[in-house]
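Since the structure comes first, as structure tokens, the remarks are kept for the end.
Every read-out reported here was derived from the displayed coordinates using simple, explicitly stated rules and does not represent laboratory data. Treat the numbers as computed from the prediction; the structure is a model and nothing was measured. We place every Cβ from the backbone using ideal geometry, glycine too, and count neighbours over all the protein chains shown.
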Amino acid sequence: MSDGLFRSPFIHGLRTVIVSFPVHRSRRLRRTEALRSLVRETALRASSLIYPLFVCPGRGVQDEIASMPGNFRWSIDRLTEECKAVHDLGIPGVILFGIPESKDACGSGAYDPEGIIQRAVRALKQSVPDLMVICDVCLDEYTDHGHCGVLKNGEVDNDATIELLARTALTQAESGADMVAPSDMMDGRVARIRAALDERGYANLPILAYSAKYASAFYGPFREAADSSPRFGDRKSYQMDPANQREAMREIALDIEEGADIVMVKPALPCLDVLSLARQRFDVPLAAYQVSGEFSMIAAAAQRGWIDRQQIMTETLTAIKRAGADFILTYFAKEAARLLRC
Ligand code: PBG
């Protein structure tokens, strides 16, 4: 091997000196855990995780979701206990999804002041006041047809729906929610919700907008959990085409213009490019949702012994942060927080 083989051609007489092997050895900083941790660029923290929870009617209910082992539908009394445990792990907040007593065409359970979520929020703010309670704002868990809005001539009616979403957010605010998170993908909903909140004295309540939410098959297990699959058709007329990246930037820009305080990309792992680009383009806080299907895939493969659950959990969450997410909504929140503590 000739002496000059590994010499950079730029080494003589140039200001930019790029020297390669054997001067550079990347492995030097990978030798020990102390070195690796010193130069680690991305850190996971319990304080940047949000735990999604499902609330159902009844008392004493802790009903495991078959496709999401370790996740449950909780009645309000059990939910408060669970949330104390979540808070004790250093997780700053939860996001709540409701399974109502009954569903109807206009999703009235979503904006009923005595609805499942509204009652759950009141109970939580009493029993675990320091835990941040985020409310998902959407109609799909509450409509009998399973779509995220009200229907007119067989289509989801955008402008009628955003009125109901504003009512939903307002009842959540009145119940004590710390943040509202519209996940419906209707046009103009952030502006409508912001106006409704401001008008009623909730100018300080932040909006976390599901801005770039794709029409994804990764939501499958969630729909089983919430019994919210559309009874006909699909969500492609309102959720985004997974083929589109530029459109995601436009959706995010529009939501920021309308008053979103935090924007979100969903799902997470299939959208790392979107997260990364959004991080570069926008200066508002950026969230990512590691959704049900992402969780279930890992849980199922780990159950079979095909992958290492803990390592894959850490690797995926780290990748999502590295791509640009400030915080992550994840069904792994408790497990990750427990791991990060030791
Ligand atoms: C709509 C909503 C959904 C999810 C969050 N909010 C379902 C959907 O759009 O079909 C999915 C979250 C997940 O899969 O974990 N209310």
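Within the listed set 154, 90, 70, the Gaussian network model of the chain (springs between alpha-carbon atoms below 10 Å) gives the highest mean-square fluctuation for 154.
The gain in end-to-end length when the residue 237 to residue 261 segment is fully stretched comes to 6.1 nm, 0.36 nm per residue minus the alpha carbon separation. Karplus-derived 3J(HN,Hα) values for the stretch 238-245, using 6.51 cos²θ - 1.76 cosθ + 1.60 with θ = phi - 60°, are 10, 7, 7, 5, x, 7, 9, 9 Hz; glycine and proline are entered as x. Spacing of the modelled spin labels on residue 114 and residue 311, each 7 Å from Cα toward Cβ, amounts to 5.4 nm.
Between the Cα long axis of helix 246-258 and the first principal axis of the chain there is an angle of about 60°, rounded to the nearest 10. Computed over the stretch 48-341, relative contact order equals 18 percent, with contacts defined as Cα pairs under 8 Å that lie 6+ residues apart.
Gyration tensor over the Cα atoms of the chain: the corresponding equivalent ellipsoid has semi-axes (square roots of 5 times the eigenvalues, largest first) of 40, 24, 19 Å. How tilted is helix 189-199 with respect to the longest principal axis of the chain? Cα atoms for both, answer in degrees (0 to 90, nearest 10). Result, in degrees: 60. For a modelled paramagnetic label at residue 45, 7 Å from Cα along Cα-to-Cβ, the residues of the stretch 81-125 in reach, with backbone nitrogen under 16 Å, are 89-93. Rounded to the nearest 10 degrees, the inclination of helix 76-88 to the longest alpha-carbon principal axis of the chain is 20 degrees.
For the chain, what is the calculated [θ] at 222 nm in deg cm²/dmol (nearest 500), taking -39500 (n - 2.57) for each run of four or more DSSP H residues and dividing by its residue count? It lands at -11500 deg cm²/dmol. Distance between the pseudo-spin-label points of residue 174 and residue 59 (7 Å out from Cα toward the beta carbon): 2.7 nm. Within the stretch 187-205, list the residues whose amide N lies under 20 Å from a label point set 7 Å along Cα→Cβ of residue 163. Label zone hits: 187-200.
Legend: distances between Cα atoms for 125/266; 84/334; 103/213; pairs beyond 18 Å are 125/266; 103/213.
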